[in-house]
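Input: a single structure, listed below in structure tokens.
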Amino acid sequence: MKRKLIAGNWKMNGNAAANESLVRAVLAGMGDAACTVAVCVPAPYLAQVQALRAGTALELGAQDVSEHAQGAYTGEVSADMLREFGVRYVIVGHSERRQYHAESDAVVAEKVKAALAAGITPIVCVGETLAQREEGRTSAIVKRQMAAVIHTNGHCISEIAVAYEPVWAIGTGRTATPEQAQEVHAVLRAQLKAATEHADRVLILYGGSMNAANAVSLLAQPDIDGGLIGGASLKAPDFLQIIAAAR
Ligand code: PEP
């Protein structure tokens with residue numbers, strides 16, 4: 001059985017004091033977790049959380065990375081910089097970045113490449129809007145988003161993680177049913193299988209209002225290998241219940 005991954009996406013939340021109590025509570029509660037646990041924190045807090053997690057099993061993640069290696073890109077953070085802070089995962093192509101920062105499929109694919117080159121596992125987010133789902137275009141949308149990443153990254157594609165995050169489920173309290181999520185995960189798995197013989201080792205996470213109540217049934221699906229958790233990752237008891245559900 002594959003070891004599942006539960007990754008918290010703090011988004012633009014937190015402050016030094018709140019981060020410290022949250023990380024300490026997660027560390028105190030996660031014990032010898034059966035899954036890999038990561039927190040993807042705002043860039044200014046990477047050093048703080050790196051220090052708090054030192055010597056523990058909690059992995060550190062970032063929420064974005066530049067597609068460029070270095071240079072005149074004001075405000076950007078490179079993959080090598082993330083690596084210096086012990087970052088193991090980076091979220092790439094989150095729907096909020098695609099929506100508010102106009103990140104195209106091509107840019108997302110280049111960011112994946114930059115992360116892989118630095119030895120960081122990109123968590124590549126794909127997902128459809130409500131309108132796209134209602135038009136019956138869910139598979140076409142996620143396949144298009146994934147195709148760009150496969151095209152740019154070739155055989156390295158087996159080194160990524162994927163998060164299926166239906167846009168209509170993010171932060172809305174509306175979750176995909178386990179069957180709806182599994183259906184899309186199976187589509188993504190098949191697409192990965194056509195691209196690499198190692199598709200089974202790619203972790204495909206579900207994200208979108210995952211919480212303590214729905215985690216068990218979502219994580220029981222054959223192609224759901226973990227979760228990308230937004231709101232619930234900011235409350236240690238909720239995050240810990242999701243971690244406990246991932247075995
Ligand atoms: C996310 O932003 O990646 C996410 C899944 O958020 P939430 O769990 O709050 O829906």
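What follows draws every value from the coordinates through simple rules; no lab data is involved. What you see is a predicted model, and the numbers here were worked out from it, not measured in a lab. Cβ: placed from backbone, ideal geometry, glycine included. Neighbour counts: every protein chain shown.
Listed by first and then second residue, the pairs linking a residue in region 223-236 that is touching a residue at least 60 places away in the same chain (Cβ under 8 Å) to a residue that is among the aliphatic types (A, V, I, L, M) and near the ligand (Cβ under 6 Å from one of its atoms), with Cβ atoms under 6 Å apart and 6 or more places separating them unless they lie on different chains, are Gly227/Met210; Ile229/Met210. Scanning region 1-20 for residues that are of a type outside the set (Gly, Ala, Ser) and touching a helix residue (DSSP H, G or I) at 6+ places or on another chain (Cβ under 9 Å) yields Lys2, Lys4, Ile6, Asn9, Trp10, Lys11, Asn13, Asn15, Asn19, Glu20.
One residue stands out among those in region 29-46 that are assigned to a loop (DSSP other than H, G, I, E, B) and not β-branched (Val, Ile, Thr): the one that is surrounded by the most Cβ atoms within 10 Å (Cβ to Cβ), which is Cys35. Cβ-Cβ distance below 7 Å, separation of 6 or more or different chains: which pairs start in region 200-219 with a residue that is touching a residue at least 24 places away in the same chain (Cβ under 8 Å) and end on one that is of a type in the set (S, T, N, Q) and within 12 Å of the ligand (Cβ to nearest atom)? Partner pairs satisfying both residue conditions: Gly208/Thr175; Ser209/Thr172; Ser209/Thr175; Met210/Thr175; Asn214/Thr175. Could you tell me whether region 206-220 includes any residue that is away from the ligand (no atom under 13 Å from the Cβ), in contact with a helix residue (DSSP H, G or I) (Cβ under 6 Å, 6 or more places away or on another chain), not aromatic (Phe, Trp, Tyr) and not in a helix (DSSP H, G or I)? Scanning region 206-220 turns up no residue that is away from the ligand (no atom under 13 Å from the Cβ), in contact with a helix residue (DSSP H, G or I) (Cβ under 6 Å, 6 or more places away or on another chain), not aromatic (Phe, Trp, Tyr) and not in a helix (DSSP H, G or I).
Just one residue in the set Val65, Val49 is touching a residue at least 24 places away in the same chain (Cβ under 8 Å) and part of a loop (DSSP other than H, G, I, E, B); that residue is Val65. Of everything in region 230-242 that is touching a helix residue (DSSP H, G or I) at 6+ places or on another chain (Cβ under 6 Å) and within 14 Å of the ligand (Cβ to nearest atom), the residue that is farthest from Ile204 (Cα to Cα) is Asp238.
Only one entry in Ala131, Ala115, Ala186, Ala109 is part of a helix (DSSP H, G or I) and closer than 19 Å to Lys4 by Cβ, namely Ala186. The residue that is nearest to the ligand (Cβ to nearest atom), counting only those in region 148-185 that are within 18 Å of Arg137 (Cβ to Cβ) and among the small types (Gly, Ala, Ser), is Ala169.
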